[in-house]
1. Quick one: work out Rg over Rh on the C-alpha atoms of the range 197-281, Rh as Kirkwood radius.
2. Given the rule -39500 (n - 2.57) for each run of at least 4 DSSP H residues, summed and divided by the residues of the chain, what is its mean residue ellipticity at 222 nm, to the nearest 500 deg cm²/dmol?
3. Expressed in nm², what is the orientationally averaged projection area of the convex hull enclosing the Cα positions of the chain?
4. Work out how much length residue 5 to residue 17 would gain on full extension: take 0.36 nm times their residue separation and subtract the Cα-Cα distance, in nm to one decimal.
5. For labels at residue 173 and residue 154 in the simple 7 Å Cα→Cβ model, what's the distance in nm?
6. Once you have the Cα-Cα distance between residue 83 and residue 57, take 0.36 nm times their residue separation minus that, and quote the gain in nm to one decimal.
7. When only alpha-carbon atoms are used, what values of Rg and Dmax, in angstrom, describe the range 133-249?
8. Within the chain, how many Lys pairs sit with Cα atoms under 19 Å apart, leaving out pairs fewer than 8 places apart on the same chain?
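The values are calculated or read from the model by the stated rules, or taken from the named source; none is laboratory data. What you are looking at is a predicted structure, and each value in this text was computed from that prediction instead of being measured. Cβ atoms come from the backbone with ideal geometry, glycine included; neighbour counts cover every protein chain shown. For accessibility, only protein heavy atoms count, side chains too; no ligands or nucleic acids. Shrake-Rupley method; radii C 1.70, N 1.55, O 1.52, S 1.80 Å.
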Amino acid sequence: MLYSSSTPEQKRIRFWELLTAGTIVQFPGAFNPLSARLIQEKGFEGVYISGAVLANDLGLPDIGLTTLTEVATRAGQIARMTDLPSIVDADTDTGFGEPINVARTVQELENAGLAGLHIEDQFNPKRCGRLDGKNVVDLDTATKRIRAAADARRDPNFLIMARTDIRATDGLQAAKDRARALVDAGADAIFPEAMRDLHEFRAIRDAVDVPILANMTEFGKSGLFTVDQLQNVGVNMVIYPVTLLRSAMGAAERVLDTLKRLGTQEVRVPEMLTRARLYDLVDYEAYNKFDSSVFNFQIPTTG
C-alpha cells in the first residue's frame with residue numbers, strides 16, 4: 001500500500017457514518033504518518049491530528065506558532081497514509097486570522113485530504129486547552145469564524161467542528177449557551193474543552209443535537225473516562241491527542257538514559273519494534289513487488 005486506497009471524499013462519508021451510527025468512536029492521535037498506519041492496523045475508526053502535537057514535533061509550544069502551510073502539509077502527509085478519516089486541530093484558534101483566513105484554512109485542509117477540522121474560540125496567542133489563564137473571544141467573533149468555515153467548504157461532507165474553551169472562564173452554563181450558538185452558526189459538531197466530569201458532558205449533550213467530542217488527554221482537568229462511561233452520557237467521539245507522542249518520547253528518553261549510563265542499548269532491545277515488524281508496518285514487500293514488476297517489464301514484441 002503506497003498510500004491510502006480510499007479517496008478523501010470516501011473518508012468524509014465514512015466519518016459521517018461513524019458519527020451517526022449510535023456508538024462512540026475512538027480517534028487516537030497520530031504524531032507522524034507511520035503512527036497513523038499503526039492506528040488503522042489496530043482496528044480504530046479514525047485518526048486525530050493534534051495542533052499541540054504538530055507544534056511539539058517542531059520543538060514548539062502549543063501557543064499558535066505553527067503556520068497554515070506547516071499544518072496542512074503535515075496533516076496531509078498523515079491523512080494520506082491511512083484509509084481512516086482524519087480530523088485535524090490545525091491550531092485554528094483563529095483559523096490563522098480573520099474570517100477570510102478561516103475560509104482559506106478550510107479549503108487548504110480539504111485539499112490536503114482531511115475529513116474535517118475544529119476551530120476554537122480562544123484569543124490569539126492561544127493556550128493549551130488544559131492550562132489555566134485562557135481567554136475566549138466574544139460570541140460574535142466565535143460565530144463568524146464558524147460561519148466562514150461552513151460557507152467556505154466545497155465538500156458538504158467536510159466536517160466543521162466548533163471547539164469552545166468558555167467552560168474554564170465562564171462556567172458550564174456559558175458553555176451550553178455558546179455550544180447552541182455555534183451550532184446555529186453552522187457547526188456540525190461540538191468539542192467542549194476541559195469538561196470536569198461526566199455530568200458536564202451530559203449537560204452539553206442535552207444542550208445540542210449534533211455530535212459531541214470528548215478529549216481524553218493525560219494530565220488534564222478531568223479523569224480518563226472509559227468509552228462506555230462516555231457513551232452512557234451521549235458522547236459520540238473520543239480523542240487521545242497526545243497519548244502516542246508521549247508514549248514514544250517517554251520510550252526514547254528511557255533508551256537514551258540507558259545508552260548514556262551503560263554505553264549500550266542492549267537491555268532495551270526487547271522493548272523495541274523489531275526490524276521485521278517495522279518492515280511489515282511500512283509494507284516493504286508491496287514496494288518490492290512494485291519495483292520488481294517495473295524492473296521486469298518488457299515491451300511486447302510482435303512477429
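1. Numbers: Rg = 19.4 Å, Rh = 16.0 Å.
When Rh is taken as the Kirkwood radius, the ratio is 1.21.
2. Numbers: 13 runs with 140 residues, N = 303.
Calculated from helices alone, the mean residue ellipticity at 222 nm is -14000 deg cm²/dmol.
3. Numbers: hull surface 80.1 nm².
Over all viewing directions, the chain projects a mean Cα-hull area of 20.0 nm².
4. Roughly 2.5 nm would be gained on extension.
5. 4.6 nm
6. Working: separation 26, 0.36 × 26 = 9.36 nm, distance 2.32 nm.
Taking 0.36 nm per residue and subtracting the Cα distance, the gain is 7.0 nm.
7. In Å, with Rg to one decimal and Dmax whole: 14.4, 41.
8. Numbers: 11/42; 126/134; 126/144; 126/221; 134/176; 134/221; 144/176; 176/221.
Summing the qualifying lysine pairs gives 8.
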